[in-house]
1. Might you let me know whether the stretch 228-236 holds any residue that is under 30 Å from Ala6 (Cα atoms) and buried (at least 17 other Cβ atoms within 10 Å of the Cβ)?
2. What number of residues within the stretch 212-227 satisfy the criterion of being crowded, with 18+ Cβ neighbours inside 10 Å and farther than 26 Å from Ser10 by Cβ?
3. Keeping to the stretch 180-220, report how many residues are closer than 16 Å to Ala6 by Cβ, touching a residue at least 40 places away in the same chain (Cβ under 8 Å), within 13 Å of the chain's Cα centre (by Cα) and part of a helix (DSSP H, G or I).
4. Mind checking which residues of the stretch 250-267 are part of a helix (DSSP H, G or I) and either at pLDDT below 95 or out of contact with any Leu (no Cβ under 6 Å at 6 or more places or on another chain) (or both)?
Amino acid sequence: MSTRRAELGSFLKARRAQVTPEEVGLPPGGRRRTPGLRREELAQLAGVGVTWYTWLEQGRPINVSGQVLDAVAGTLRLTDPERAHLYRLAEATPVRPKRGVCAVEPVLTEILNALDPLPAVITNTRFDIVMPNQAFRDLFHDWHTLPCVHKNLLWCIVTEPLARKRLLNYDDEVPYLVARLRSAYSEHIGDPDWEEDLARLRKLSPEFAELWARHEVADCTPRPRHVVHPLAGELHLTVTEFAVPAHPDLVLFVETPSDEATRERLPLSRRSLQPAEL
């Protein structure tokens, strides 16, 4: 069984467990050994064979059509990001074509610097920090109480002991980042770097392991980030993501003040001395 098919099966099981019989018009019935719909119930509602659907969840190499996937996705009440994730795992959508290079790294650096004083950073879809601007370095300069080894946005949050105190909306931000990571993972299943990284993070962080097991996926969306800076105090920011067309695996994150008080206090996060690398 391929890793991709195994991931597809785990995703379907996780989503099936979240749909109650009442939500799809079925009677609650008696006691259930597992939450959510039974396989045979989902198959009947989607109009597919029970054996075929069972094989799909078991990761067997069976043919999957877009029409059948649509029926399964509709029954599972998948969101648009979840539906796209399902198609990628089932290899029912074309691989995103590679684009020709229309921007080079010096141009990206100039763009990042031009965004200053707004904190901005370019990462890959695994959230490895590729290129931060000075405002971003300054804002998160004092974030770590432990050495920053991985230079990865997600690792920096889930492995930092004081992260919950410094990131006020931690309980919203971390599940979102894990869901974004899960979405990106569907295009990197079996990649040794990804698999090793995920295995280490699951072992290091039980919280990440639990969130990862939910198989939640998400699209990018502007979102709040509320942080506490040792000098600037409480800052309320909006994080906006932009694709980097020449590099499909890169994302530009820009943080803008959400209120006037934050706009006034944000300059207090700047450092007068030349900083070390983030």
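1. We begin by selecting, within the stretch 228-236, every residue under 30 Å from Ala6 (Cα atoms); these are none.
Within the stretch 228-236, none of the residues are under 30 Å from Ala6 (Cα atoms) and buried (at least 17 other Cβ atoms within 10 Å of the Cβ).
2. The first filter runs over the stretch 212-227 and keeps only residues crowded, with 18+ Cβ neighbours inside 10 Å, leaving 212, 215-218, 225, 227.
Checking the rest, the ones that are also farther than 26 Å from Ser10 by Cβ come to 225, 227.
Number of matching residues: 2.
3. Count: 2.
4. Quick first cut of the stretch 250-267, residues part of a helix (DSSP H, G or I) only: 260-267.
The answer is Glu260, Ala261, Arg263, Glu264, Arg265, Leu266, Pro267.
Table: residues versus (1) assigned to a helix (DSSP H, G or I); (2) surrounded by fewer than 18 Cβ atoms within 10 Å (Cβ to Cβ); (3) modelled with pLDDT under 85; (4) of a type in the set (S, T, N, Q).
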residue: Thr34; (1), (2), (3), (4): no, yes, yes, yes
residue: Thr51; (1), (2), (3), (4): yes, yes, no, yes
residue: Val72; (1), (2), (3), (4): yes, no, no, no
residue: His85; (1), (2), (3), (4): yes, no, no, no
residue: Ala114; (1), (2), (3), (4): yes, yes, no, no
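The values are calculated or read from the model by the stated rules, or taken from the named source; none is laboratory data. Keep in mind that what you see is a predicted model, and the values were worked out from it rather than measured. Every residue, glycine as well, gets a Cβ built from its backbone with ideal geometry; the counts of neighbours run over all protein chains shown.
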